[in-house]
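Written out below as structure tokens is the structure these notes cover.
Every read-out reported here was derived from the displayed coordinates using simple, explicitly stated rules and does not represent laboratory data. Only a predicted model underlies this, so the values are computations on that prediction, with no experimental measurement involved. Here the Cβ is made from the backbone with ideal geometry for all residues, glycine too, and neighbour counts use every protein chain on show.
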Amino acid sequence: MNVRLKYIAVLVIVALVGVFAYQTFWLVQLYHTMSEQIDNDIQEAMRVADLKEVFLRLKSLEDNGPHGEMDLSAGIGEDGSITAKAVTTTQVTLGGETLEQKTGVVLRSSPQVDSDSTAGDEAFVKMLEEQISVTELASMIQQGLHLGIDRFEGTRYEKYDTLLTAGLQQMGLSGDHYLACIKTDTVFQHATTGYIPSKRARKFVYNWTDYGRYELTIEPTTGLVLREMAGILTASGLIVLLLGLAFYFLIRTIIRQRTLDEMKTDFTNNITHELKTPIAVAYAANDALLNFGEQADETKRHHYLTLCRQQLERLSGMVEQILSMSMERRRQFKLNIEPINLSELLQPVIEQQQLKADKPVTITTHIEPNDLTVQADRAHLSNILNNLIDNAVKYSPGEAHVEITATPAAISVTDHGMGIPADKLPHIYDKFYRVPTGDVHDVKGYGLGLFYVKTMVEKHGWSIDASSTRGEGTTFTIILI
């Protein structure tokens with residue numbers, strides 16, 4: 001069983017490590033994917049902000065009257081290359097005569113299909129199939145528009161910064177940033193008040209034309225990525241936690257089942273011995289009365305009959321306790337609650353314990369008030385006190401001194417015996433459990449007494465507590481309220 005449990009534990013640990021490793025790998029990959037997506041979103045935010053800024057300038061030019069004309073065209077060649085053409089027409093006055101001045105620029109991408117292709121439609125279809133080509137076409141149109149508008153009015157840098165900041169905030173990036181607008185002849189720059197980029201800060205570049213670009217510097221987007229992944233991280237953590245707990249309870253259950261199996265084996269051995277002893281004693285006493293004429297001697301006859309009765313009472317107590325456990329497990333019994341005078345109940349219990357003990361026993365009681373009554377089942381309360389007093393006597397080396405104290409709030413049984421180790425106290429109520437005493441087996445029992453006591457106490461709606469000091473004794477307290 002130990003080898004089998006070892007293999008199960010190893011398999012469980014390997015499975016948990018495997019699940020955790022795969023989950024970690026998947027989350028890391030997801031983090032990188034989302035980080036790349038956010039980088040692309042930042043680049044797109046820079047492009048969109050630039051496009052909005054261009055359209056705002058175009059709207060301003062329209063509102064302020066004609067300044068000239070701009071023709072913008074884009075198309076795709078037979079080789080799949082993308083071409084954008086921007087032609088700006090402005091009016092110039094020379095010597096009292098108004099002349100038109102045209103300035104144009106052509107932007108052309110590299111071929112997208114083989115040079116021997118002669119079908120323009122085929123190139124167009126290929127462009128549509130490749131998203132990058134469509135994006136490139138839109139970018140070149142935007143550049144052409146930019147070049148045309150720049151002929152009339154320069155870039156509004158501060159407006160672009162405002163539009164970009166709004167775009168970043170929509171993405172959840174509301175932190176500080178540094179923005180530079182770099183042209184061939186000038187550099188404009190702006191930073192959030194008090195912001196100094198750290199060594200880990202990242203730079204994003206957007207080229208709106210060959211002669212100008214924007215450079216955005218912000219802190220790493222790790223926080224944003226983790227916020228985006230919060231739901232997935234939480235779910236993954238809960239899954240790993242639940243799996244860990246499930247495996248933990250599985251191993252714990254297996255260990256407890258193994259322990260229970262060992263305790264049942266010990267119980268079987270103990271109960272067999274316990275049952276054989278009174279049977280053998282009663283059989284020997286009865287045999288002496290029948291076969292050796294001991295019935296003629298009044299003293300011996302009385303002694304043997306008393307011995308038989310004591311052993312039969314012991315047997316009856318064992319059977320009653322085992323049957324009580326069986327009935328409790330099947331939930332087939334009901335408590336017969338009634339008011340019980342505790343002093344009257346304790347008197348026969350104490351006499352019985354003193355009578356059957358094989359050592360001097362002193363039992364003192366302190367009951368306040370003297371006529372104290374409790375609401376309980378008479379038979380089970382008697383058995384509870386019997387078990388506690390019996391343990392106090394058995395675990396007292398030499399003469400036993402037992403004190404019983406009762407108040408309306410609690411009933412306690414105290415002995416001055418060997419005591420119970422602190423690390424064993426949490427287990428004393430377990431079924432079949434007995435406190436280890438090394439190789440010495442002076443105290444007989446089968447580990448059901450305290451289990452029965454705790455079960456019956458809880459059935460009454462009470463609770464029980466134990467305190468002990470090695471070499472000084474143990475106190476069991478039944479809390480009635």
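Annotations
- Förster-model FRET efficiency, 25 Å R0, L260 and V14, C-beta, rounded to 0.05: 0.40
- Cross-link partners of K394 among lysines, defined as those whose alpha carbon lies under 16 angstrom from its own and excluding same-chain residues fewer than eight positions apart: K356, K359, K444.
- Sorting the segments 391-404, 344-357 by their mean number of nearby beta carbons within 10 angstrom, highest to lowest, gives 391-404, 344-357.
- Linear extension gain, N336 paired with T407, 0.36 nm per residue minus alpha-carbon span: 23.4 nm
- Summed side-chain charge close to T477 - residues other than T477 whose Cβ falls under 14 Å, Lys, Arg +1, Asp, Glu -1: -2
- Fully extended contour minus Cα-Cα distance, from T306 to V319, at 0.36 nm per residue: 2.7 nm
- Summed side-chain charge close to V361 - residues other than V361 whose Cβ falls under 14 Å, Lys, Arg +1, Asp, Glu -1: -3
- Segment F204-T24, length gained on full extension (0.36 nm per residue, minus Cα span): 61.9 nm
- Evaluating 6.51 cos²θ - 1.76 cosθ + 1.60 at θ = phi - 60° for every residue in segment 461-476, the Karplus couplings come out as x, 9, 9, 10, 9, 10, 10, 8, 10, 4, x, 10, x, 9, 10, 9 Hz, glycine and proline recorded as x.
- Around the amide H of T365, modelled in the peptide plane, lie the amide H atoms of I404, all under 5 Å away and 5 or more residues distant in sequence or on another chain.
- Net charge of Cβ neighbours under 11 Å - reference T414; Lys, Arg +1; Asp, Glu -1: -3
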